[in-house]
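Asker: This is the structure, below, for whatever I ask next.
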Amino acid sequence: MQTPSHSQFFLSWLLLLIAGLVLSCGCVSDTPSPAAEPADAGIRIITEELPPFNYVGADGVVTGQATDVVNGILSRLNQKATIEVLPWNEGYNAAVAGPSVALYATGRTDERENLFKWVGPVTTFDYMLYTKSDSGITLDSLEAAKKVQAIGVVKDDARHQFLLENHFTNVQTCESEAECLRNLLAGRTDLWFGSSGNAVIIAEKEKIDPSRFQAAYSVRSVDLYIAFSKDTPDDVTARWQDALDAMKRDGTFDTIRQKYGMKTAGSTSVPASAGDQADLALSTLMAATDSRLLVVLRTYEVVAVTSDAKAARWETVRPLLVVLESNEPDARTWYANPDGSYYTIIDGLTTANLMSRSYFPGVLAGDESVGTVVVSHSTGRNTAIVAVPVEENGKVTGILGASVYLDTLTDALQKEIRDPFIFYAIDKENKFALHSEKGQISRDITTIGASSSFGQALRTIQSQESGTVSYEDGGVQYQAKFRTSPLTGWRFVVAWPDVA
């Protein structure tokens, strides 16, 4: 047996000494080191009472679907912040003024686009006009709502700004949705501009029987975001967006939505033949949309050459539009004079004017127009315009038009193009004409960061007639195929998650 040398004894002693030092300094432990204490977010976070998205719970703590998302983002950033609940107009003004304010959940609209920096979307919100159940008031258009005595709406809310943008003068503002509902039931207003997403919840929270009021007219859907004051550094909003995207990617976002009984994106598997199926879906998307608009166009071309249309009198044109609208229930038909004033069969002569619409000068010059995306003055809905000139002796005496509802067209397309595919179309004025997420319809795509992966893909789509792109959006990597319609000039896109 060999006796250990002095050097071997010394080496063994040295190793034991090092191990003891490591253990004594806590570098090796069966218990993991505690996480770092969350840092202050350095942002004043404000919300309002808007269940089920954000509200104060029975325990006095701010909760709700959007609140859970905000808290989830803070947790992932290892940050903390106190959430204030304020009347909407007070919180909105604070976010506009800054400094370092985040306001949720905020409708992202054209009017607000340049007032804030945006993170989201965190949920979707719809616009709905309500009446008292026994009021006898019926609405077949947004224009008809201008004729009631008063409409209640939360001050500085996106719906308030929407009414002002559409030249409503019969607006009575409230501090909260609950106040608007109480005013409606007390007879102080004739309509409440609320949302079907939370009207019943608000009533129940106020101990009001929901049967006392009813939906009178559905307007449109808008995506809700976290709005940051303009002074917020870009790297802050980028980190918040990255954290939100990660929540969507790992399923946390859907889990929160399920908690509040909301629809989720689901997790449909992507077939190996997704690329081939996308070609079929893209053909279906284009064919269904173009055929829908083409039928309207050809019908109006025929009507435009009739003697009743050429008479250029509403009394002779109206019966024609009655027949057209009965055959096209998912569109609002109209007749415009050369000065931009126009009529619908629901409202007669309207209070709005079409002269400022981008398509109007061209049609007045004798050209047809198909596919311009606008928010209808008459209905308040996202629509695609089909307009045909009525000519007599070489002069345009009027314009026959249809505003085709893009939300109902999207609903029909979603029955044909199912998960895992999403679809959208971009019109010639850089707006989403169609979108699987209806809250995105009519959004100006130039508001999507040009340096972002999705923004770069959109620029490629705009610059080519057809092709393929890949991009990341909302924490998901997508493959997409696109083509251009010769009828409308829209770029149609079908995309699917890239699971490679």
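Bear in mind these aren't lab numbers, they're just calculated from the coordinates by the rules spelled out. These figures come from a predicted structure and were not determined experimentally. Every residue, glycine as well, gets a Cβ built from its backbone with ideal geometry; the counts of neighbours run over all protein chains shown.
Asker: Please give the charge dipole size of the chain, origin at the Cα centre, charges +1 on K and R Cβ atoms and -1 on D and E Cβ atoms. Round to the nearest 20 debye.
Answerer: The calculation lands at about 140 debye.
Asker: Tell me which label goes with the value of mean projected area of the Cα convex hull in nm² computed from the coordinates here: (1) 31.2; (2) 27.9; (3) 33.7.
Answerer: (3)
Asker: Is the stretch 299-378 rounded, prolate or oblate when judged by the Cα gyration tensor, a ≥ b ≥ c being the square roots of its eigenvalues, rounded requiring a/c under 1.5 and prolate requiring a/b larger than b/c?
Answerer: rounded
Asker: Follow-up. Spin-label point model (7 Å from Cα, Cβ direction): what's the residue 262 to residue 312 distance in nm?
Answerer: For the pair residue 262/residue 312, the computed spacing is 5.3 nm.
Asker: Using the Karplus curve 6.51 cos²θ - 1.76 cosθ + 1.60 with θ = phi - 60°, work out ³J(HN,Hα) for each residue of the stretch 77-85 in order, rounded to whole Hz, and write x for Gly and Pro.
Answerer: Using θ = phi - 60°, the values come out as 8, 6, 10, 9, 6, 8, 9, 8, 10 Hz.
Asker: Want the number for residue 196 to residue 215: 0.36 nm per residue separation, take away the alpha-carbon distance, what's left?
Answerer: So the extension gain works out to 6.1 nm.
Asker: Still on this structure, please answer the following. Whole Å is fine, so just give me how far the alpha carbon centre of the stretch 73-90 lies from that of the stretch 417-481.
Answerer: Here the two parts' Cα centres lie 30 Å apart.
Asker: Relative to the longest principal axis of the chain, what angle (0 to 90°, nearest 10) does the C-alpha long axis of helix 6-24 take?
Answerer: 40 degrees
Asker: Which value in nm describes the separation of the simple spin-label points at residue 234 and residue 327, placed 7 Å from the Cα toward the beta carbon?
Answerer: 5.3 nm
Asker: So for each of 119-128, 208-217, 171-180 I average, over its residues, the number of other beta carbons within 10 Å; can you give me the resulting order with the highest mean first?
Answerer: 119-128, 171-180, 208-217
Asker: Give me the net charge of residue 132's neighbourhood, meaning all other residues with Cβ under 14 Å from the Cβ of residue 132; Lys, Arg count +1, Asp, Glu -1.
Answerer: Surrounding charge for residue 132 is 0.
Asker: What does the charge add up to near residue 484, with Lys and Arg as +1, Asp and Glu as -1, over the other residues with Cβ less than 9 Å from its Cβ?
Answerer: Computed value for this residue: +1.
Asker: Next question. Under the definition of Cα pairs under 8 Å and six or more residues apart, what whole-number percent is the relative contact order of the chain?
Answerer: Reported relative contact order: 13 percent.
Asker: Something else: Pop the C-beta distance of residue 175 and residue 150 into the FRET formula with R0 = 22 Å and round what comes out to the nearest 0.05.
Answerer: The computed FRET efficiency comes out at 0.90.
Asker: Another one. Can you list residues from other chains, or at least 5 along the same chain, whose modelled amide H is less than 5 Å from the amide H of residue 126?
Answerer: 196, 197, 222
Asker: Considering only Cα-Cα distances, which of the following residue pairs are longer than 28 Å: 205/263; 248/438; 80/207; 132/207?
Answerer: Pairs exceeding 28 Å: 80/207.
Asker: Please turn the phi angles of the stretch 397-404 into ³J(HN,Hα) values with the Karplus equation 6.51 cos²θ - 1.76 cosθ + 1.60 (θ = phi - 60°), one per residue in order, whole Hz, x for glycine and proline.
Answerer: Whole-Hz 3J(HN,Hα) from phi for the stretch 397-404: 9, x, 9, 8, x, 9, 9, 7.
Asker: Quick one: net charge around residue 238, please, counting Lys, Arg +1 and Asp, Glu -1 for every other residue with C-beta under 12 Å from its C-beta.
Answerer: Its environment carries a net charge of -2.
Asker: Whole-Hz ³J(HN,Hα) for each residue in the stretch 489-497, computed from phi via Karplus 6.51 cos²θ - 1.76 cosθ + 1.60 with θ = phi - 60°, x for glycine and proline: what do you get?
Answerer: x, 5, 8, 8, 10, 10, 10, 8, x
Asker: FRET efficiency for residue 37 and residue 58, Cβ-Cβ distance as r, R0 = 35 Å, nearest 0.05?
Answerer: The calculated FRET efficiency here is 0.75.
Asker: Using 0.36 nm per residue, how much length does the chain from residue 86 to residue 392 gain when fully extended, once their Cα-Cα distance is taken away?
Answerer: The span from residue 86 to residue 392 would gain 104.2 nm if fully extended.
Asker: Quote to one decimal, in nm, the extra length available between residue 208 and residue 419 on full extension: 0.36 nm per residue of separation minus the C-alpha distance between them.
Answerer: Gain in length upon complete extension: 72.0 nm.
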